[in-house]
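Here the structure comes first, spelled out in C-alpha coordinates, and everything after it is commentary.
The values are calculated or read from the model by the stated rules, or taken from the named source; none is laboratory data. From a predicted model like this one, the values you see are computed outputs, not experimental measurements. Neighbour counts run over all protein chains shown; Cβ positions are idealised from the backbone, glycine included.
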Amino acid sequence: MSGLREEARAWLAEALSGPFADLKGVADFTTAPPRRREWEQALGAAGLSCIGWPKAYGGRGASIAEQVAFAEEYALAKAPSRVGHIGIELAGPTIIAFGTEEQKARFLPDIAAGRAIWAQGYSEPNAGSDLANVRTRARLENGRWVIDGQKIWTSLGMYADWAFVVTRVEEGSKGPKGLAYLLVPLDQPGITVRPIRQMTGEAEFAELFFDGAVTDADNIVGTPGQGWAIAMATLGFERGVSTVVQQMHFANELDLLIATARANGKAGDPLIRQRIADAWTGLEIMKHGLVRTLSDEATEQLGEEALTSKLYWSRWHRALGDLAMDVQGLAGEIGHAEDYRFGQLTHMHLASRADTIYAGSSQIQRNIIAERGLGLPREPRGDL
(Lines give C-alpha, C1' and ligand atoms only; values in the text may rest on other atoms or scores of the structure.)
Protein backbone atom coordinates (compact mmCIF):
# COMPACT_ATOMS: atom_id res chain seq x y z
CA MET A 1 0.00 0.00 0.00
CA SER A 2 1.43 3.39 -0.94
CA GLY A 3 2.30 5.90 1.73
CA LEU A 4 -0.35 8.32 0.47
CA ARG A 5 -3.01 5.61 0.50
CA GLU A 6 -2.15 4.72 4.10
CA GLU A 7 -2.14 8.37 5.13
CA ALA A 8 -5.49 9.05 3.46
CA ARG A 9 -7.12 5.93 4.89
CA ALA A 10 -6.01 6.78 8.43
CA TRP A 11 -6.99 10.44 8.22
CA LEU A 12 -10.40 9.71 6.70
CA ALA A 13 -11.17 7.02 9.29
CA GLU A 14 -10.33 9.35 12.16
CA ALA A 15 -12.16 12.37 10.72
CA LEU A 16 -15.33 10.48 9.77
CA SER A 17 -15.59 8.70 13.09
CA GLY A 18 -14.78 11.85 15.04
CA PRO A 19 -15.33 15.53 14.23
CA PHE A 20 -17.03 14.89 10.88
CA ALA A 21 -19.03 11.76 11.70
CA ASP A 22 -22.21 13.64 10.73
CA LEU A 23 -20.97 13.93 7.14
CA LYS A 24 -20.16 10.28 6.54
CA GLY A 25 -22.19 8.91 3.66
CA VAL A 26 -23.62 12.31 2.68
CA ALA A 27 -23.83 12.13 -1.11
CA ASP A 28 -25.77 15.26 -2.00
CA PHE A 29 -24.32 18.77 -2.07
CA THR A 30 -27.04 20.60 -0.15
CA THR A 31 -26.77 19.04 3.31
CA ALA A 32 -25.19 21.26 5.97
CA PRO A 33 -23.41 23.84 3.76
CA PRO A 34 -21.38 25.37 6.65
CA ARG A 35 -20.13 21.94 7.70
CA ARG A 36 -19.15 21.14 4.14
CA ARG A 37 -16.93 24.22 4.08
CA GLU A 38 -15.35 23.07 7.31
CA TRP A 39 -14.69 19.68 5.71
CA GLU A 40 -13.02 21.29 2.70
CA GLN A 41 -10.82 23.36 5.01
CA ALA A 42 -9.92 20.28 7.07
CA LEU A 43 -8.85 18.47 3.89
CA GLY A 44 -6.78 21.48 2.95
CA ALA A 45 -5.10 21.63 6.34
CA ALA A 46 -4.26 17.92 6.07
CA GLY A 47 -2.73 18.38 2.61
CA LEU A 48 -5.38 16.15 1.05
CA SER A 49 -7.47 18.67 -0.86
CA CYS A 50 -5.76 18.88 -4.25
CA ILE A 51 -3.03 16.26 -4.19
CA GLY A 52 -2.55 16.24 -7.96
CA TRP A 53 -1.67 19.92 -8.13
CA PRO A 54 2.02 20.93 -8.22
CA LYS A 55 3.55 21.48 -4.79
CA ALA A 56 4.21 25.12 -5.66
CA TYR A 57 0.46 25.76 -5.77
CA GLY A 58 -0.62 23.90 -2.65
CA GLY A 59 -0.78 20.36 -4.00
CA ARG A 60 1.49 17.38 -3.52
CA GLY A 61 2.50 16.65 -7.08
CA ALA A 62 0.90 13.22 -6.72
CA SER A 63 1.18 10.81 -9.63
CA ILE A 64 -1.91 9.54 -11.40
CA ALA A 65 -1.59 6.23 -9.53
CA GLU A 66 -1.49 8.08 -6.21
CA GLN A 67 -4.48 10.23 -7.17
CA VAL A 68 -6.43 7.10 -8.07
CA ALA A 69 -5.46 5.50 -4.74
CA PHE A 70 -6.68 8.55 -2.82
CA ALA A 71 -9.94 8.66 -4.79
CA GLU A 72 -10.55 4.99 -4.01
CA GLU A 73 -9.93 5.50 -0.29
CA TYR A 74 -12.15 8.58 -0.27
CA ALA A 75 -15.04 6.67 -1.79
CA LEU A 76 -14.52 3.55 0.34
CA ALA A 77 -14.58 5.71 3.48
CA LYS A 78 -17.96 7.10 2.35
CA ALA A 79 -16.61 10.61 2.70
CA PRO A 80 -19.01 13.41 1.70
CA SER A 81 -19.27 14.74 -1.83
CA ARG A 82 -16.78 17.55 -2.39
CA VAL A 83 -18.44 20.96 -2.55
CA GLY A 84 -15.01 22.26 -3.51
CA HIS A 85 -14.68 19.96 -6.52
CA ILE A 86 -15.32 22.62 -9.17
CA GLY A 87 -12.47 24.71 -7.80
CA ILE A 88 -10.17 21.73 -7.25
CA GLU A 89 -10.85 19.90 -10.51
CA LEU A 90 -11.79 22.66 -12.97
CA ALA A 91 -11.00 26.24 -11.94
CA GLY A 92 -7.67 25.42 -10.29
CA PRO A 93 -6.20 23.31 -13.12
CA THR A 94 -7.35 25.91 -15.66
CA ILE A 95 -5.65 28.74 -13.77
CA ILE A 96 -2.50 26.61 -13.38
CA ALA A 97 -2.44 25.88 -17.12
CA PHE A 98 -3.47 29.26 -18.54
CA GLY A 99 -3.45 31.86 -15.75
CA THR A 100 -0.89 34.55 -15.05
CA GLU A 101 1.48 34.28 -12.12
CA GLU A 102 -0.55 36.97 -10.36
CA GLN A 103 -3.75 34.96 -10.84
CA LYS A 104 -2.09 31.81 -9.53
CA ALA A 105 -0.88 33.63 -6.43
CA ARG A 106 -4.28 35.20 -5.82
CA PHE A 107 -6.68 32.34 -6.41
CA LEU A 108 -4.93 28.99 -5.95
CA PRO A 109 -4.09 29.20 -2.20
CA ASP A 110 -7.74 29.82 -1.25
CA ILE A 111 -8.94 26.93 -3.43
CA ALA A 112 -6.33 24.55 -2.03
CA ALA A 113 -7.12 25.55 1.54
CA GLY A 114 -10.88 25.16 1.09
CA ARG A 115 -11.52 28.83 1.75
CA ALA A 116 -13.10 29.54 -1.64
CA ILE A 117 -15.91 27.60 -3.31
CA TRP A 118 -16.24 27.96 -7.09
CA ALA A 119 -19.05 27.59 -9.61
CA GLN A 120 -19.06 27.10 -13.39
CA GLY A 121 -20.77 29.83 -15.41
CA TYR A 122 -21.29 28.08 -18.75
CA SER A 123 -24.90 27.12 -19.56
CA GLU A 124 -27.58 29.66 -20.44
CA PRO A 125 -31.30 29.28 -21.20
CA ASN A 126 -30.48 29.14 -24.95
CA ALA A 127 -26.96 27.78 -24.65
CA GLY A 128 -26.84 24.47 -22.85
CA SER A 129 -25.11 21.75 -24.82
CA ASP A 130 -24.57 24.37 -27.54
CA LEU A 131 -22.23 26.44 -25.36
CA ALA A 132 -21.04 28.50 -28.32
CA ASN A 133 -24.45 30.19 -28.38
CA VAL A 134 -23.82 32.17 -25.16
CA ARG A 135 -25.34 35.64 -25.02
CA THR A 136 -24.00 36.93 -21.73
CA ARG A 137 -21.87 39.97 -22.57
CA ALA A 138 -19.02 41.85 -20.93
CA ARG A 139 -17.40 45.18 -21.74
CA LEU A 140 -14.38 46.96 -20.33
CA GLU A 141 -15.14 50.16 -18.43
CA ASN A 142 -12.75 52.02 -16.14
CA GLY A 143 -10.49 49.07 -15.57
CA ARG A 144 -13.26 46.56 -14.92
CA TRP A 145 -15.32 44.09 -16.91
CA VAL A 146 -19.03 44.96 -16.69
CA ILE A 147 -21.20 41.86 -17.23
CA ASP A 148 -24.84 41.53 -18.25
CA GLY A 149 -26.69 38.28 -18.89
CA GLN A 150 -27.83 35.05 -17.31
CA LYS A 151 -26.39 31.64 -16.48
CA ILE A 152 -28.44 28.58 -15.56
CA TRP A 153 -27.84 25.11 -14.11
CA THR A 154 -24.96 26.55 -12.12
CA SER A 155 -23.89 23.80 -9.71
CA LEU A 156 -23.56 25.13 -6.13
CA GLY A 157 -24.20 28.64 -7.41
CA MET A 158 -25.94 29.62 -4.19
CA TYR A 159 -22.92 28.62 -2.07
CA ALA A 160 -20.03 29.64 -4.30
CA ASP A 161 -17.75 32.61 -3.73
CA TRP A 162 -16.44 32.81 -7.31
CA ALA A 163 -17.42 31.60 -10.77
CA PHE A 164 -15.54 31.25 -14.02
CA VAL A 165 -17.85 32.74 -16.62
CA VAL A 166 -17.80 32.34 -20.39
CA THR A 167 -19.06 35.58 -21.89
CA ARG A 168 -19.11 37.36 -25.22
CA VAL A 169 -16.75 40.34 -25.40
CA GLU A 170 -16.54 41.12 -29.13
CA GLU A 171 -19.55 42.95 -30.51
CA GLY A 172 -21.20 41.12 -33.40
CA SER A 173 -19.30 37.87 -32.82
CA LYS A 174 -21.05 34.54 -33.15
CA GLY A 175 -20.39 30.95 -32.14
CA PRO A 176 -17.06 30.20 -30.48
CA LYS A 177 -15.49 33.45 -31.69
CA GLY A 178 -15.28 36.58 -29.54
CA LEU A 179 -15.60 34.88 -26.13
CA ALA A 180 -13.71 35.48 -22.91
CA TYR A 181 -13.14 33.42 -19.75
CA LEU A 182 -13.65 35.67 -16.74
CA LEU A 183 -13.18 35.03 -13.01
CA VAL A 184 -16.07 36.73 -11.24
CA PRO A 185 -16.81 37.28 -7.51
CA LEU A 186 -20.42 36.32 -6.79
CA ASP A 187 -20.99 38.33 -3.60
CA GLN A 188 -21.79 41.68 -5.17
CA PRO A 189 -24.88 43.83 -5.87
CA GLY A 190 -24.84 43.15 -9.61
CA ILE A 191 -25.54 39.44 -9.22
CA THR A 192 -28.81 37.77 -8.24
CA VAL A 193 -28.76 34.08 -7.35
CA ARG A 194 -31.95 32.02 -7.63
CA PRO A 195 -31.87 28.33 -6.55
CA ILE A 196 -33.48 25.77 -8.89
CA ARG A 197 -35.32 22.96 -7.14
CA GLN A 198 -34.95 19.54 -8.73
CA MET A 199 -37.36 16.62 -8.85
CA THR A 200 -35.25 15.01 -6.09
CA GLY A 201 -36.41 17.80 -3.77
CA GLU A 202 -32.97 19.37 -3.52
CA ALA A 203 -31.58 22.53 -5.04
CA GLU A 204 -28.01 21.83 -6.16
CA PHE A 205 -28.25 24.31 -9.03
CA ALA A 206 -28.97 27.99 -9.37
CA GLU A 207 -29.66 30.67 -11.93
CA LEU A 208 -27.23 33.57 -11.92
CA PHE A 209 -28.42 36.94 -13.19
CA PHE A 210 -25.74 39.50 -14.10
CA ASP A 211 -26.99 43.08 -14.12
CA GLY A 212 -23.95 45.30 -14.34
CA ALA A 213 -21.85 42.84 -12.31
CA VAL A 214 -18.15 43.63 -12.32
CA THR A 215 -14.77 41.99 -12.06
CA ASP A 216 -11.30 43.47 -12.38
CA ALA A 217 -9.85 43.80 -15.87
CA ASP A 218 -7.03 41.40 -15.01
CA ASN A 219 -9.47 38.64 -13.95
CA ILE A 220 -9.51 37.26 -17.48
CA VAL A 221 -7.82 33.95 -18.19
CA GLY A 222 -6.03 34.24 -21.50
CA THR A 223 -7.04 37.09 -23.77
CA PRO A 224 -10.33 38.30 -25.27
CA GLY A 225 -11.29 35.84 -27.99
CA GLN A 226 -9.59 32.84 -26.31
CA GLY A 227 -12.57 32.03 -24.12
CA TRP A 228 -13.77 29.09 -26.20
CA ALA A 229 -10.41 27.32 -26.27
CA ILE A 230 -9.92 27.75 -22.53
CA ALA A 231 -13.48 26.65 -21.76
CA MET A 232 -12.92 23.46 -23.77
CA ALA A 233 -9.66 22.83 -21.92
CA THR A 234 -11.53 23.16 -18.61
CA LEU A 235 -14.00 20.49 -19.70
CA GLY A 236 -11.09 18.20 -20.50
CA PHE A 237 -9.98 18.24 -16.86
CA GLU A 238 -13.25 16.68 -15.68
CA ARG A 239 -12.66 13.53 -17.75
CA GLY A 240 -9.60 12.53 -15.72
CA VAL A 241 -8.89 11.18 -12.25
CA SER A 242 -12.04 12.73 -10.78
CA THR A 243 -14.05 10.00 -12.49
CA VAL A 244 -12.55 7.45 -10.09
CA VAL A 245 -14.69 8.80 -7.25
CA GLN A 246 -17.71 8.75 -9.53
CA GLN A 247 -17.15 5.09 -10.40
CA MET A 248 -16.68 4.16 -6.74
CA HIS A 249 -19.95 5.94 -6.02
CA PHE A 250 -21.60 3.92 -8.78
CA ALA A 251 -20.21 0.74 -7.20
CA ASN A 252 -21.74 1.69 -3.84
CA GLU A 253 -25.10 2.25 -5.55
CA LEU A 254 -24.91 -1.13 -7.26
CA ASP A 255 -24.04 -2.82 -3.95
CA LEU A 256 -27.08 -1.22 -2.31
CA LEU A 257 -29.28 -2.29 -5.23
CA ILE A 258 -28.06 -5.90 -4.94
CA ALA A 259 -28.61 -5.91 -1.17
CA THR A 260 -32.15 -4.59 -1.70
CA ALA A 261 -32.90 -7.27 -4.31
CA ARG A 262 -31.72 -9.99 -1.93
CA ALA A 263 -33.74 -8.57 0.97
CA ASN A 264 -37.05 -8.27 -0.88
CA GLY A 265 -36.73 -11.43 -2.97
CA LYS A 266 -36.28 -9.73 -6.35
CA ALA A 267 -32.92 -11.46 -6.68
CA GLY A 268 -34.91 -14.62 -7.43
CA ASP A 269 -36.23 -13.12 -10.66
CA PRO A 270 -33.98 -14.34 -13.50
CA LEU A 271 -34.56 -11.18 -15.54
CA ILE A 272 -33.56 -8.98 -12.61
CA ARG A 273 -30.47 -11.13 -12.05
CA GLN A 274 -29.49 -10.75 -15.70
CA ARG A 275 -29.90 -6.98 -15.55
CA ILE A 276 -27.80 -6.85 -12.38
CA ALA A 277 -25.12 -8.90 -14.12
CA ASP A 278 -25.24 -6.51 -17.08
CA ALA A 279 -24.87 -3.54 -14.72
CA TRP A 280 -21.86 -5.16 -13.03
CA THR A 281 -20.30 -5.87 -16.43
CA GLY A 282 -20.82 -2.28 -17.50
CA LEU A 283 -19.14 -0.99 -14.35
CA GLU A 284 -16.14 -3.25 -14.97
CA ILE A 285 -15.91 -1.93 -18.53
CA MET A 286 -15.83 1.62 -17.15
CA LYS A 287 -13.09 0.70 -14.68
CA HIS A 288 -10.91 -0.81 -17.39
CA GLY A 289 -11.61 2.13 -19.66
CA LEU A 290 -10.48 4.53 -16.93
CA VAL A 291 -7.23 2.62 -16.43
CA ARG A 292 -6.57 2.81 -20.17
CA THR A 293 -7.41 6.52 -20.22
CA LEU A 294 -5.08 7.37 -17.34
CA SER A 295 -2.26 5.02 -18.29
CA ASP A 296 0.09 7.58 -19.84
CA GLU A 297 1.76 9.20 -16.85
CA ALA A 298 4.54 10.55 -19.03
CA THR A 299 2.32 13.18 -20.59
CA GLU A 300 -0.47 13.42 -17.98
CA GLN A 301 -2.72 14.07 -21.01
CA LEU A 302 -5.98 12.30 -21.75
CA GLY A 303 -6.14 10.35 -24.99
CA GLU A 304 -8.96 10.27 -27.50
CA GLU A 305 -10.45 7.25 -25.74
CA ALA A 306 -11.56 9.62 -22.95
CA LEU A 307 -14.07 11.15 -25.37
CA THR A 308 -16.32 8.10 -25.05
CA SER A 309 -16.52 8.06 -21.25
CA LYS A 310 -19.37 10.52 -20.68
CA LEU A 311 -21.61 8.94 -23.30
CA TYR A 312 -21.03 5.48 -21.84
CA TRP A 313 -21.41 6.19 -18.12
CA SER A 314 -24.43 8.46 -18.51
CA ARG A 315 -26.41 5.82 -20.40
CA TRP A 316 -25.25 3.11 -17.99
CA HIS A 317 -26.28 5.13 -14.95
CA ARG A 318 -29.73 5.89 -16.33
CA ALA A 319 -30.25 2.16 -16.90
CA LEU A 320 -29.13 1.51 -13.32
CA GLY A 321 -31.75 4.00 -12.13
CA ASP A 322 -34.45 2.16 -14.04
CA LEU A 323 -33.27 -1.13 -12.56
CA ALA A 324 -33.35 0.39 -9.06
CA MET A 325 -37.04 1.21 -9.42
CA ASP A 326 -37.87 -2.26 -10.75
CA VAL A 327 -36.00 -3.86 -7.84
CA GLN A 328 -37.81 -1.72 -5.26
CA GLY A 329 -41.26 -2.01 -6.77
CA LEU A 330 -43.98 0.10 -5.13
CA ALA A 331 -41.78 0.66 -2.08
CA GLY A 332 -39.58 2.90 -4.20
CA GLU A 333 -42.44 5.31 -4.77
CA ILE A 334 -43.02 6.01 -1.08
CA GLY A 335 -41.15 8.81 0.68
CA HIS A 336 -40.09 8.87 4.32
CA ALA A 337 -42.92 9.83 6.66
CA GLU A 338 -40.98 12.48 8.55
CA ASP A 339 -39.74 14.55 5.61
CA TYR A 340 -41.31 12.96 2.49
CA ARG A 341 -37.87 12.38 1.01
CA PHE A 342 -37.29 9.30 -1.11
CA GLY A 343 -34.72 6.66 -0.30
CA GLN A 344 -31.24 6.55 -1.82
CA LEU A 345 -32.10 4.28 -4.75
CA THR A 346 -35.15 6.33 -5.78
CA HIS A 347 -33.12 9.49 -5.40
CA MET A 348 -30.49 7.98 -7.68
CA HIS A 349 -33.14 7.09 -10.27
CA LEU A 350 -34.51 10.65 -10.30
CA ALA A 351 -31.08 12.28 -10.43
CA SER A 352 -29.88 9.97 -13.22
CA ARG A 353 -32.53 11.33 -15.59
CA ALA A 354 -30.26 14.33 -16.19
CA ASP A 355 -27.09 12.32 -16.82
CA THR A 356 -27.50 12.19 -20.59
CA ILE A 357 -28.14 15.94 -20.74
CA TYR A 358 -25.83 17.89 -18.45
CA ALA A 359 -22.15 18.46 -19.29
CA GLY A 360 -23.06 17.90 -22.93
CA SER A 361 -26.02 15.86 -24.14
CA SER A 362 -25.57 12.43 -25.70
CA GLN A 363 -26.03 13.98 -29.14
CA ILE A 364 -23.25 16.48 -28.47
CA GLN A 365 -21.00 13.72 -27.12
CA ARG A 366 -21.47 11.73 -30.34
CA ASN A 367 -20.53 14.80 -32.37
CA ILE A 368 -17.39 15.28 -30.26
CA ILE A 369 -16.40 11.64 -30.76
CA ALA A 370 -17.00 11.91 -34.52
CA GLU A 371 -15.14 15.17 -35.02
CA ARG A 372 -12.28 15.00 -32.51
CA GLY A 373 -11.86 11.27 -32.11
CA LEU A 374 -12.58 9.95 -35.60
CA GLY A 375 -11.68 13.04 -37.61
CA LEU A 376 -14.97 13.08 -39.52
CA PRO A 377 -15.79 16.30 -41.38
CA ARG A 378 -18.02 18.81 -39.68
CA GLU A 379 -21.12 19.98 -41.48
CA PRO A 380 -20.89 23.72 -42.26
CA ARG A 381 -23.00 25.86 -39.92
CA GLY A 382 -23.23 29.32 -41.36
CA ASP A 383 -20.86 31.69 -39.58
CA LEU A 384 -19.18 29.00 -37.45
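Residue-level check: of (1) under 13 Å from ALA79 (Cα atoms); (2) surrounded by 14 or more Cβ atoms within 10 Å (Cβ to Cβ); (3) among the polar types (S, T, N, Q), SER17 misses just (2). Picking from residues in region 190-232 that are aliphatic (A, V, I, L, M) and touching a Phe, Trp or Tyr at 6+ places or on another chain (Cβ under 7 Å), the one that is surrounded by the fewest Cβ atoms within 10 Å (Cβ to Cβ) is ALA217. With respect to (1) touching a helix residue (DSSP H, G or I) at 6+ places or on another chain (Cβ under 6 Å); (2) exposed (fewer than 13 other Cβ atoms within 10 Å of the Cβ), the lone exception for CYS50 is condition (2).
Here ALA105 clears all of (1) farther than 27 Å from ALA354 by Cα; (2) touching a residue at least 12 places away in the same chain (Cβ under 8 Å) except the condition numbered (2).
Of PRO185, PRO176, all but one fail to be touching a helix residue (DSSP H, G or I) at 6+ places or on another chain (Cβ under 7 Å) and either outside the structural domain of GLY329 (by TED's automatic domain parsing) or crowded, with 21+ Cβ neighbours inside 10 Å (or both); the exception is PRO176. Within region 129-182, the residues that satisfy the criterion of being among the aliphatic types (A, V, I, L, M) and more than 25 Å from SER81 (Cα to Cα) are LEU131, ALA132, VAL134, ALA138, LEU140, VAL146, ILE147, VAL166, VAL169, LEU179, ALA180, LEU182. Identification of helices (runs of 4 or more DSSP H) wholly contained in region 1-101 with 2 or more residues that are closer than 30 Å to LEU182 by Cα yields 33-45, 64-76, 92-98.
Mind listing just one residue for me: the one in region 84-121 that is among the acidic types (Asp, Glu) and either under 14 Å from LEU43 (Cβ atoms) or touching a Lys or Arg at 6+ places or on another chain (Cβ under 6 Å) (or both) and, of those, modelled with the highest pLDDT? Checked region 84-121; the qualifying residue modelled with the highest pLDDT is ASP110.
Please tell me if ALA10 is over 24 Å from PHE205 (Cβ atoms), modelled with pLDDT of 95 or more and touching a Cys at 6+ places or on another chain (Cβ under 7 Å). Taking the combined requirement at face value, the residue does not satisfy it.
Here is the figure for region 245-287: residues that are closer than 16 Å to GLY321 by Cβ and among the acidic types (Asp, Glu) total 3. When each of ASP326, ASP355 is tested for being among the acidic types (Asp, Glu), part of a helix (DSSP H, G or I) and either surrounded by 14 or more Cβ atoms within 10 Å (Cβ to Cβ) or at positive phi (or both), the lone residue that passes is ASP326.
Restricting attention to region 329-351, the residues being at pLDDT below 85 and surrounded by 15 or more Cβ atoms within 10 Å (Cβ to Cβ) number 1.
Listed by first and then second residue, the pairs linking a residue in region 185-198 that is touching a residue at least 60 places away in the same chain (Cβ under 8 Å) and closer than 14 Å to GLY121 by Cβ to a residue that is among the hydrophobic types (A, V, I, L, M, F, W, C) and surrounded by 15 or more Cβ atoms within 10 Å (Cβ to Cβ), with Cβ atoms under 9 Å apart and 6 or more places separating them unless they lie on different chains, are LEU186/ALA119; LEU186/ALA160; LEU186/TRP162; LEU186/ALA163; LEU186/VAL193; LEU186/LEU208; LEU186/ALA213. Of all the residues in region 206-221, those that are at positive phi and under 24 Å from the mean Cα position of the chain (by Cα) number 0. Give region 84-112 a look and list any residue that's surrounded by fewer than 23 Cβ atoms within 10 Å (Cβ to Cβ) and farther than 16 Å from GLY59 by Cβ, or say none. PHE98, THR100, GLU101, GLU102, GLN103, ARG106 - these are the residues of region 84-112 that are surrounded by fewer than 23 Cβ atoms within 10 Å (Cβ to Cβ) and farther than 16 Å from GLY59 by Cβ.
Looking across region 122-148 at every residue that is modelled with pLDDT of 95 or more and surrounded by 20 or more Cβ atoms within 10 Å (Cβ to Cβ), the one that is nearest to GLY190 (Cα to Cα) is identified as ILE147.
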